[in-house]
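So the structure is just underneath, and the comments pick up after that.
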Amino acid sequence: MAIKVMIAEDEKLAREELEYLLKAHSDLILLPSATNGRELLEQYEKHKPDVIFLDIHMPDLDGMLAARQLAARTDPPLIVFTTAYDHYAVEAFRLQAVDYLLKPYSEAQLAEALRRVRAELKRRSDAARNVHNPPEAEPKMDKLLLEDGERLIVVDPAAILYVERDVRQVKLHSTHNTYTAKITLNELEVRLKPYHFFRPHRSYLVNLNHVEEIRPGAHGTYYLVVNDAKRTRIPVSRAAAKALLQRFHL
């Protein structure tokens, strides 16, 4: 699927560098660029891009204000913020930005942002196709049956605080006990899908019903504070931060 891309950047060299990097991706169609927020809104109406690479500091109307206006549209474009400053990250994720690229960014960082763009566009396309034929809801589990050594244990998912990966098995920390189960974190994530679990980091699953605080970390990251006796801190990767805030409707 061809993806229509627009750049909103007031610095000529930065704009040309981003255009050069984007041209390496054959599924992208580069639309005319904008040099300020007001021009961006005008160009959006003419060309209807799928995704906008949006600088935050621009004349006339800055990127954040322009993004707020675009987010209010019925079918808003995807936004990837490009900036030299990391302190706008929380506001960017509240606006449901797909990614937040800190200048100067590498080809690898841009490729990761485009991967997220493609995934979100596919999700939107699938949702539009299924709107008249929604999939059947998965049956909700009451208990989990897990292998812990030579025994099988029955665990109430609601009692699980968090789960951490431990080589080829996992440790489940519940309100009553800690279990070691022979299952991968990926497999357990699927089995806990009907409940309020979130994957904040590749090594953790957290029951959001047991999260007491969300605290900011460095460079757009966060950590979760669990309501156990130790007030355990769980890291949230930068890649997972947007989805986390969305789960709490921020």
So which residues in segment 19-60 are in contact with a Phe, Trp or Tyr (Cβ under 6 Å, 6 or more places away or on another chain) and in contact (Cβ under 8 Å) with a residue 40 or more places away in the chain? Leu54
Return a yes/no flag: does segment 31-45 have any residue that is part of a loop (DSSP other than H, G, I, E, B), of a type in the set (A, V, I, L, M, F, W, C) and modelled with pLDDT of 95 or more. yes
If you take just the strands (runs of 3 or more DSSP E) that sit entirely in segment 59-177, which of them hold at least 3 residues that are at pLDDT 90 or above and of a type in the set (A, V, I, L, M)? 78-83, 160-166
Among the numbered conditions (1) part of a strand (DSSP E or B); (2) more than 18 Å from Ala8 (Cβ to Cβ); (3) of a type in the set (A, V, I, L, M, F, W, C), tell me where Ile52 comes up short. (2)
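Conditions tested, residue by residue: (1) among the β-branched types (Val, Ile, Thr); (2) closer than 16 Å to Leu70 by Cβ; (3) loosely packed, with under 13 Cβ neighbours inside 10 Å.
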{"site": "Asp10", "(1), (2), (3)": "no, no, no"}
{"site": "Ala14", "(1), (2), (3)": "no, no, no"}
{"site": "Leu21", "(1), (2), (3)": "no, no, no"}
{"site": "Ala24", "(1), (2), (3)": "no, no, yes"}
{"site": "Ile29", "(1), (2), (3)": "yes, no, no"}
{"site": "Asn36", "(1), (2), (3)": "no, yes, no"}
{"site": "Leu40", "(1), (2), (3)": "no, yes, no"}
Residue among Leu114, Leu70 that alone is surrounded by 16 or more Cβ atoms within 10 Å (Cβ to Cβ), over 17 Å from the mean Cα position of the chain (by Cα) and not assigned by TED's automatic domain parsing to the domain that holds Lys242: Leu70
Scanning segment 212-238 for residues that are free of Cβ contacts under 8 Å to residues at least 24 places away in the same chain and hydrophobic (A, V, I, L, M, F, W, C), which turns out farthest from Asp99 (Cα to Cα)? Ala229
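A quick yes/no check of all residues on (1) hydroxyl-bearing (Ser, Thr, Tyr); (2) touching a His at 6+ places or on another chain (Cβ under 9 Å):
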| position | (1), (2) |
| --- | --- |
| Ile160 | no, yes |
| Arg165 | no, no |
| Leu185 | no, no |
| Val190 | no, no |
| Arg199 | no, no |
| Tyr204 | yes, no |
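The values are calculated or read from the model by the stated rules, or taken from the named source; none is laboratory data. Treat the numbers as computed from the prediction; the structure is a model and nothing was measured. A quick note on method: Cβ atoms are made from the backbone with ideal geometry, for glycine too, and the neighbour counts reach across all protein chains shown.
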